[in-house]
């Protein structure tokens with residue numbers, strides 16, 4: 001019985017733990033927007049991965065007046081992300097063949113200002 005309780009406690013702690021910091025992608029700023037990239041799965045593997053881009057202000061308000069594109073290689077085709085309502089969350093699945101960088105192109109809808117940010121990618125062990 002004690003063994004079962006110990007296993008359950010370890011499983012619950014594992015489920016609540018954060019991803020290994022080696023695989024976290026540091027957020028970047030553009031104007032008043034802070035862009036954070038999350039991946040699914042959380043530890044990248046070469047192949048198809050989903051990218052979630054969270055755009056917020058420093059006060060945590062969503063930035064939803066943008067069109068966001070991503071690609072995994074410099075010569076690749078820009079793929080437009082889907083916006084989840086007006087939540088400041090943009091998502092897209094993308095083939096990443098082990099490339100070290102995610103390119104993110106941001107364009108404001110009203111002013112046509114744009115920029116490209118480069119996020120370093122770290123892949124998990126196979």
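The values are calculated or read from the model by the stated rules, or taken from the named source; none is laboratory data. Just so we're clear, the structure is a prediction, and the values are computed from it rather than from any experiment. As a convention, Cβ positions derive from the backbone with ideal geometry for all residues, glycine included, and neighbour counts pool all protein chains shown.
Quick check: is even one residue across the range 38-45 modelled with pLDDT of 90 or more, closer than 16 Å to residue 115 by Cβ and not in a helix (DSSP H, G or I)? No: the range 38-45 contains no residue that is modelled with pLDDT of 90 or more, closer than 16 Å to residue 115 by Cβ and not in a helix (DSSP H, G or I). Cβ-Cβ contacts under 9 Å between residues 6 or more apart (or on different chains), taken from a first residue in the range 43-59 that is touching a residue at least 40 places away in the same chain (Cβ under 8 Å) and at positive phi to a second residue that is buried (at least 19 other Cβ atoms within 10 Å of the Cβ) and in a strand (DSSP E or B), are listed as 47/96.
Selection within the range 110-126: residues that are in a loop (DSSP other than H, G, I, E, B) and on the phi < 0 side of the Ramachandran plot. The member of this set that is surrounded by the most Cβ atoms within 10 Å (Cβ to Cβ) is 121. Report yes if residue 99 is out of contact with any strand residue (DSSP E or B) (no Cβ under 9 Å at 6 or more places or on another chain) and surrounded by 15 or more Cβ atoms within 10 Å (Cβ to Cβ), otherwise no. Against the criterion (out of contact with any strand residue (DSSP E or B) (no Cβ under 9 Å at 6 or more places or on another chain) and surrounded by 15 or more Cβ atoms within 10 Å (Cβ to Cβ)), residue 99 qualifies. If you take the residues in the range 52-75 that are under 16 Å from residue 97 (Cβ atoms) and in contact with a strand residue (DSSP E or B) (Cβ under 6 Å, 6 or more places away or on another chain), which one is surrounded by the most Cβ atoms within 10 Å (Cβ to Cβ)? Top of the filtered list is 70. Among the residues of the range 76-88, write down those that are at pLDDT 95 or above and either under 18 Å from residue 119 (Cα atoms) or surrounded by 13 or more Cβ atoms within 10 Å (Cβ to Cβ) (or both). Correct list: 77, 78, 79, 80, 81.
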